[in-house]
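One structure below.
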Amino acid sequence: MVVEMHAGLASDGGSKLKMLLTFVDALPSGSEEGVYYSIDLGGTNFRVLRVQVGAGSVIVNQKVEQQPIPEELTKGTTEGLFNFVALALKNFLEGEDDQDGKMALGFTFSFPVRQISVSSGSLIRWTKGFSIRDTVGRDVAQCLNEALANCGLNVRVTALVNDTVGTLALGHYYDEDTVAAVIIGSGTNACYIERTDAIIKCQGLLTNSGGMVVNMEWGNFWSSHLPRTPYDILLDDETHNRNDQGFEKMISGMYLGEIARLVFHRMAQESDVFGDAADSLSNPFILSTPFLAAIREDDSPDLSEVRRILQEHLKIPDAPLKTRRLVVKVCDIVTRRAARLAAAGIVGILKKLGRDGSGAASSGRGRGQPRRTVVAIEGGLYQGYPVFREYLDEALVEILGEEVARNVTLRVTEDGSGVGAALLAAVHSSNRQQQGGPI
């Protein structure tokens with residue numbers, strides 16, 4: 001992981017890790033005050049948030065509205081989509097009493113973007129079922145700003161971020177020792193604070209803090225050291241993005257149930273352990289990760305929940321207890337591997353930052369004074385699947401050693417993509433006023 005991080009920072013295309021610059025050189029510190037807004041657009045629903053903050057890391061109150069995006073807009077025109085979003089913000093703002101000056105807006109846009117500044121970036125490609133051709137290559141913040149102006153709103157995007165950067169911002173708001181953020185949900189990604197002089201592909205880049213948040217896009221990480229099995233190869237072959245997102249396919253919620261299904265299907269073909277259920281096990285993605293988690297966490301003596309899931313969802317009736325135990329074991333192995341690989345990825349980031357106890361990079365203190373380090377973590381797999389969380393935490397201690405691990409905290413952070421983006425809008429709107437423009 002560390003080798004690939006260095007390669008990705010040295011040149012674009014130098015690694016499977018994109019190591020994208022975010023131009024975020026300042027993070028919330030807890031001293032922010034006022035009312036800020038954010039729009040979170042990352043899938044079939046989008047959200048509008050109003051966040052009021054007081055000094056001392058206090059979120060006074062927040063208001064959230066969620067709305068589905070009509071399917072025709074995901075395949076229509078750029079103007080159609082952004083006008084729809086702007087109109088939703090206009091309706092949301094009606095009755096608000098803080099519309100005197102220009103309002104700062106954080107825009108979480110969870111699609112691949114080539115960032116140009118903290119408040120602008122061009123769309124590289126659509127994902128998640130969106131296919132509006134004329135948006136690709138355009139500055140999405142500018143598209144939204146134009147739509148907001150057309151609606152007569154005195155609002156502009158002051159921070160364009162992806163959800164992982166929002167998670168880091170929210171983590172840092174509560175705890176200034178937060179140096180990285182990881183999302184492990186249906187997908188996975190990570191970002192961290194890098195020294196500006198270590199970003200070789202952008203020599204001469206100046207920031208006010210000497211640091212910048214780097215979006216790793218770590219779901220695409222690959223290395224010959226990763227233990228790839230025949231099941232990983234089968235999974236990759238049946239996905240639309242073959243040879244991409246290799247790390248994500250081993251550790252994220254979208255894929256864990258499918259890896260287990262591929263193992264069960266092979267068992268059914270090569271033995272009679274599932275009777276004649278090979279056909280029902282041949283349907284891709286029939287076993288979702290929530291079912292995999294429920295199977296692993298069934299602690300009833302006769303594994304009755306496992307029996308129910310096998311019967312109702314995998315169409316395997318009357319599986320004996322011995323078979324049910326085998327099913328639990330497979331789900332355990334798939335979960336454990338994912339959690340341990342995710343932990344290794346986190347240690348990779350700590351190692352790159354010189355915070356893994358190896359002393360490889362100077363931390364500005366003597367070796368005898370380990371530095372407290374916080375990693376903000378978000379996503380349903382870590383938050384909602386206790387066994388996954390236990391395996392990840394356990395692996396972190398195993399790799400770092402107990403002494404170093406004592407100084408590393410994984411802090412669950414909720415709603416970075418909403419509240420975190422609003423806080424970044426706060427930071428970068430005040431920075432802009434003080435410093436006369438973005439970096």
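The values are calculated or read from the model by the stated rules, or taken from the named source; none is laboratory data. Since the model is a prediction, treat every value here as computed from it, not as a measurement. Glycine also receives a Cβ, built like all others from the backbone with ideal geometry; neighbour counts cover every protein chain displayed. Just the protein is used for accessible areas: all its heavy atoms, side chains included, with ligands, DNA and RNA removed. Shrake-Rupley method; radii C 1.70, N 1.55, O 1.52, S 1.80 Å.
In the range 193-207 there is at least one residue matching the filter, namely being open to solvent by less than 10 Å² (accessible area, probe 1.4 Å) and either in a loop (DSSP other than H, G, I, E, B) or of a type in the set (Asp, Glu) (or both). The residue that is most open to solvent (accessible area, probe 1.4 Å), counting only those in the range 139-158 that are of a type in the set (A, V, I, L, M, F, W, C) and part of a helix (DSSP H, G or I), is 149. Of the set (1) within 14 Å of residue 388 (Cβ to Cβ); (2) surrounded by fewer than 19 Cβ atoms within 10 Å (Cβ to Cβ), all apply to residue 270 but (1). Is at least one residue of the range 98-106 part of a helix (DSSP H, G or I), surrounded by fewer than 19 Cβ atoms within 10 Å (Cβ to Cβ) and touching a residue at least 60 places away in the same chain (Cβ under 8 Å)? Checked the range 98-106: no residue is part of a helix (DSSP H, G or I), surrounded by fewer than 19 Cβ atoms within 10 Å (Cβ to Cβ) and touching a residue at least 60 places away in the same chain (Cβ under 8 Å).
The condition of being basic (Lys, Arg), open to solvent by less than 70 Å² (accessible area, probe 1.4 Å) and either touching an Asp or Glu at 6+ places or on another chain (Cβ under 9 Å) or free of Cβ contacts under 8 Å to residues at least 24 places away in the same chain (or both) does not hold for residue 125. Of all the numbered requirements in (1) touching a helix residue (DSSP H, G or I) at 6+ places or on another chain (Cβ under 8 Å); (2) at negative phi, residue 129 misses one, and that requirement is (2).
Restricting the first member to the range 55-81 and to residues that are assigned by the TED database to the domain that holds residue 38 and within 15 Å of residue 32 (Cβ to Cβ), and the second to residues that are assigned to a loop (DSSP other than H, G, I, E, B) and open to solvent by 70 Å² or more (accessible area, probe 1.4 Å), the beta-carbon pairs closer than 8 Å and six or more apart or on different chains are 55/31; 55/33; 56/31.
Scanning the range 159-192 for residues that are in a helix (DSSP H, G or I) and either of a type in the set (Asp, Glu) or open to solvent by 10 Å² or more (accessible area, probe 1.4 Å) (or both) gives 163, 172, 174. On the stretch given as the range 215-247, residues that are of a type in the set (Gly, Ala, Ser) and within 20 Å of residue 180 (Cα to Cα) total 1.
Kindly provide the set of residues from the range 274-312 that are part of a loop (DSSP other than H, G, I, E, B) and either within 27 Å of the chain's Cα centre (by Cα) or buried (at least 16 other Cβ atoms within 10 Å of the Cβ) (or both), ordered by number. Selection gives 274, 277, 278, 284, 285, 286, 287, 288, 297, 298, 303.
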